[in-house]
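Just so you know, all these numbers are worked out from the coordinates, no wet-lab data involved. The structure displayed is predicted, hence computed values, not measured ones. Cβ placement follows ideal geometry from the backbone for every residue including glycine, while neighbour counts extend to all protein chains displayed.
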Amino acid sequence: MKTATSHLLAIESSCDDTAAAVLAEGTLKSSVIASQSIHAIFGGVVPELASRDHQRLIVPVVTQALKEAAISRNDVSSVAVTYGPGLAGSLLVGVSFAKALALALDVPLVGVNHMEGHIYSAFIEGDYQTQEKPPFPFLCLTVSGGHTEITIIEEGFKHTKIGRTRDDAAGEAFDKVGKMLGLGYPAGPKIDKLAQTGNPLFHHFPRTKSNGFDFSFSGLKTAVLYYLQKMPEVQRNEVLTHHLNDVCASFQAAVVDVLITTMAQVVEETGIRHIAVVGGVSANSALRNQMRVFGQKNDVSTYIPPLKYCMDNAAMIGMTAHFKLKAGITSDLTLNAEPNLSV
Ligand code: KG4
Ligand code: ZN
């Protein structure tokens with residue numbers, strides 16, 4: 001019997017990745033991502049170029065996702081789309097496309113919050129090592145380019161945000177520090193790679209804590225800047241030439257330390273012993289390893305998605321929509337792009 005969740009087509013276009021995925025009853029059948037490379041030469045995402053590229057890529061990407069799932073357009077039983085937060089022009093491309101398709105096929109439309117999408121990425125294939133999926137309620141640490149948040153996730157789409165960043169997001173700190181070190185954009189993966197051969201004790205950067213479970217990363221970013229600026233030029237050149245990996249490892253250690261220490265406090269105070277770690281920065285190898293070690297030592301279960309679902313993708317949007325459909329939540333055709341949507 002055809003139900004809304006039989007062949008759910010999901011679309012993601014909030015930033016610089018045009019992505020589409022098909023899920024059949026919550027099982028991923030295809031996931032296609034076209035990452036826009038044009039932005040790298042500008043050192044960051046250029047919104048106007050991003051929306052134009054989404055327009056160029058959306059039809060081929062969706063066609064490919066349907067093909068890989070071995071279904072035709074008429075088999076699609078619901079259409080999910082990211083409607084915020086993100087770049088207005090980019091979101092509009094996906095939202096307009098999804099609305100038109102849902103209307104033409106006469107199937108349900110499901111608007112998905114991108115940040116909720118990251119949260120439910122933990123369910124696509126489960127944890128990258130154990131394949132286990134988080135049981136409700138669980139704690140979710142979302143670390144991406146624009147957000148650093150801690151949320152309690154309960155069954156039936158109940159989300160309570162208990163921590164957020166006061167200034168820079170964790171990914172933003174990686175990208176800004178990477179820029180200072182001449183690593184280009186996005187710098188997270190490059191810092192991660194360099195740090196693997198570096199000494200995290202080379203320099204002690206501050207582990208700044210904000211109130212409660214909130215984060216603050218702008219002080220750490222400034223500390224790296226001052227560390228480099230205060231050195232005589234000869235020494236700076238020496239450090240950047242021979243100790244780039246050590247500086248990366250030391251900076252990364254500070255970020256990971258703050259994230260894990262805060263999660264330890266959250267576990268202590270809430271008594272919830274299940275933690276999902278999602279978003280682009282959850283691809284960081286030190287964070288993945290140390291989160292796991294923290295979990296093993298403290299009897300806390302951790303759920304970290306496989307690398308391919310840490311970065312922006314449409315599979316996570318589809319998984320979120322699957323949960324929404326199961327809870328009877330759909331959108332109507334008044335759905336609009338909401339660049340500043342919060343969770
Ligand atoms: O979730 P995401 O793909 O996009 C947003 O919704 O923001 O996250 C992108 C962020 C970028 O800041 C990027 O530098 C960071 O994730 N990132 C990493 C790693 N891979 C991506 N940061 C640290 N280590 C990584 N391996
Ligand atoms: Zn994202």
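Spacing of the modelled spin labels on Asp106 and Thr63, each 7 Å from Cα toward Cβ, amounts to 2.7 nm.
Gain in length, Thr241 to Ser218, computed as 0.36 nm per residue apart minus the alpha-carbon separation, to one decimal in nm? If you can, show how the numbers build up before the last one.
Details: separation 23, 0.36 × 23 = 8.28 nm, distance 2.50 nm.
Length difference between fully extended and current span is 5.8 nm.
Dipole of the chain computed with +1 at Lys/Arg Cβ and -1 at Asp/Glu Cβ about the Cα centre; of Tyr120, Asn313, Val224, farthest Cα towards the positive end is Val224.
Note on Thr261 and Asp332: with the Förster distance fixed at 56 Å, the Cβ-Cβ geometry gives a FRET efficiency of about 0.80. Name the residues of segment 275-290 whose amide N is less than 13 Å from a point 7 angstrom out from the Cα of Ser35 along the C-beta direction? 280-281, 283-284, by backbone N distance to the label point.
If contacts are Cα pairs under 8 angstrom and at least 6 residues apart, what is the relative contact order of the chain in percent? Provide the component values of the computation, followed by the final result.
Values: 756 pairs, mean separation 85.9, N = 343.
Across the chain, relative contact order equals 25 percent.
Charge tally for Ser121 (other residues, Cβ to Cβ under 15 Å; Lys, Arg +1; Asp, Glu -1): -4.
Between the DSSP loop rule and a limit of at most 16 other Cβ atoms within 10 Å, which trypsin sites (Lys or Arg not before Pro) in segment 1-63 are left? Can you show the working numbers first?
Values: sites: Lys2, Lys29, Arg52, Arg56; in loops: Lys2.
Those that pass, being in a loop and sparsely packed, are Lys2.
Just want to confirm a number: the relative contact order over segment 42-194, from Cα pairs under 8 angstrom separated by 6+ residues, in percent.
Working: 186 pairs, mean separation 22.6, N = 153.
It rounds to 15 percent for segment 42-194.
Given +1 on the Cβ of Lys and Arg, -1 on the Cβ of Asp and Glu, and no further charges, what dipole in debye does the chain carry about its Cα centre, rounded to the nearest 20?
On the way: 28 positive and 32 negative charges, 42 e Å.
Using only the charged Cβ atoms, the result is roughly 200 debye.
May I ask you to list, by number, the DSSP H helices of the chain whose Cα span along the axis is at least 24 Å and whose average Kyte-Doolittle hydropathy reaches 0.5 or more?
Working: long enough: 47-68 (30 Å, -0.28); 88-105 (25 Å, 1.83); 244-270 (39 Å, 0.90).
Answer set is 88-105, 244-270.
Spatial offset of segment 206-227 relative to segment 91-116 amounts to 38 Å, using the alpha carbon center of each. Per-residue Cβ neighbour counts within 10 Å put Met180, Met291, Met231, Met319 in the sequence Met231, Met180, Met291, Met319, beginning with the fewest.
Take every Cα pair under 8 Å whose residues are at least 6 apart in sequence, average their separation, divide by the length of segment 155-306, and the relative contact order is 26 percent. Of Ala19, Ala34, Ala315, the residue with the greatest mean-square motion in the GNM of the chain, using alpha carbon springs below 10 Å, is Ala34. Each of Leu28, Ser77, His7 was scored by the projection of its Cα onto the charge dipole of the chain, and the greatest displacement toward the positive side belongs to Leu28; charges sit on the C-beta of Lys, Arg, Asp and Glu. Fewest neighbouring Cβ atoms within 10 Å first, the residues Glu233, Glu12, Glu154 line up as Glu233, Glu154, Glu12.
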